[in-house]
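Notes follow the structure.
The values are calculated or read from the model by the stated rules, or taken from the named source; none is laboratory data. Predicted, not measured: the structure shown is a model, and the values here were computed from it. For neighbour counting, all protein chains shown are included, and Cβ atoms are generated from backbone atoms with ideal geometry for every residue, glycine included. We work out accessible area using only protein heavy atoms, side chains counted, and drop any ligands, DNA or RNA first. Shrake-Rupley method; radii C 1.70, N 1.55, O 1.52, S 1.80 Å.
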Amino acid sequence: MEDHDFWQDFVGAGEAPAAPFDRSYPARLPDGRVLLLPIRPLKGTRNAIASLILNQASFAFEAALADALAERLKAHAPEVVIGLPTLGLSLARAVAQRLGHTRYVPLGTSRKFWYDPALSVPLSSITSPDSTKRLYLDPRLLPLLEGRRTVMIDDAISTGSSMRAGLELMDLAGRPPVVLGAAMLQTERWSGLLDRLPVEGAFFSPLLEGEPGAWRVAANQAPPA
């Protein structure tokens with residue numbers, strides 16, 4: 001598989017590689033379909049993660065993840081979907097459509113002149129660890145959240161730092177969500193940071209250990225209940 005082939009299609013269960021893994025890890029959706037994710041070694045450790053870059057995915061692939069996540073969120077009866085930038089925005093829009101909503105609420109990292117600085121918090125992520133931005137909520141959208149059950153969505157939850165920033169922003173706005181959602185729940189490192197709310201994911205990717213060409217699932221790694 002070439003690097004540009006990742007996130008384009010699903011493979012049959014019989015085509016999924018077995019451990020030890022070389023370049024890709026086989027993650028599974030609830031319906032049994034398998035997606036191959038590229039393995040990224042974590043610098044300075046004997047660990048690696050399987051990554052997802054949603055804006056490089058095929059439309060069909062993204063649609064399947066939105067279908068799976070929307071299905072898991074239905075039990076929480078969200079009335080408004082909030083999207084985290086950047087890669088969570090397209091997923092949030094797609095999930096909102098599947099839940100029968102006519103719009104969603106996007107958060108942003110670009111400050112418009114009418115924004116209130118008091119409605120912003122610092123934001124960093126595992127994919128951009130050396131870059132700290134600010135996360136903003138457009139004050140004009142506050143009425144859409146008043147008294148509504150909301151879900152906040154990102155493409156992936158890894159360390160939990162991006163989602164935690166979103167929660168802090170919603171607390172500032174007085175509009176906390178009732179559930180969190182993501183296409184990928186990446187390892188379990190986020191669980192202690194986000195344990196105040198239920199978290200739903202389309203699929204789980206575990207922490208890997210070993211060395212390039214011989215990666216295995218790290219001990220005690222299991223999908224959240």
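Before moving on, here are some points about what is shown:
- Scanning the stretch 149-160 for residues being open to solvent by 10 Å² or more (accessible area, probe 1.4 Å), among the small types (Gly, Ala, Ser) and out of contact with any strand residue (DSSP E or B) (no Cβ under 8 Å at 6 or more places or on another chain) gives a total of 0.
- The selection criterion, being open to solvent by 20 Å² or more (accessible area, probe 1.4 Å), hydrophobic (A, V, I, L, M, F, W, C) and out of contact with any Cys (no Cβ under 9 Å at 6 or more places or on another chain), holds for Leu42.
- Qualifying positions in the stretch 45-66 - surrounded by fewer than 13 Cβ atoms within 10 Å (Cβ to Cβ) and not hydroxyl-bearing (Ser, Thr, Tyr): Arg46, Asn55, Phe59, Ala60
- Sub-7 Å Cβ pairs linking a first residue in the stretch 20-38 that is closer than 16 Å to Ser58 by Cα to a second residue that is of a type in the set (Lys, Arg) and surrounded by fewer than 21 Cβ atoms within 10 Å (Cβ to Cβ), at least 6 apart or interchain, are Val34/Arg28; Pro38/Arg23, ordered by first then second residue.
- Among the candidates Leu169, Leu194, Leu135, Leu141, residue that is assigned to a helix (DSSP H, G or I) and open to solvent by less than 10 Å² (accessible area, probe 1.4 Å): Leu169
- Residues that are within 14 Å of Gly181 (Cα to Cα), in contact with a Lys or Arg (Cβ under 8 Å, 6 or more places away or on another chain) and not in a strand (DSSP E or B) within the stretch 144-158 comprise just one, Ser158.
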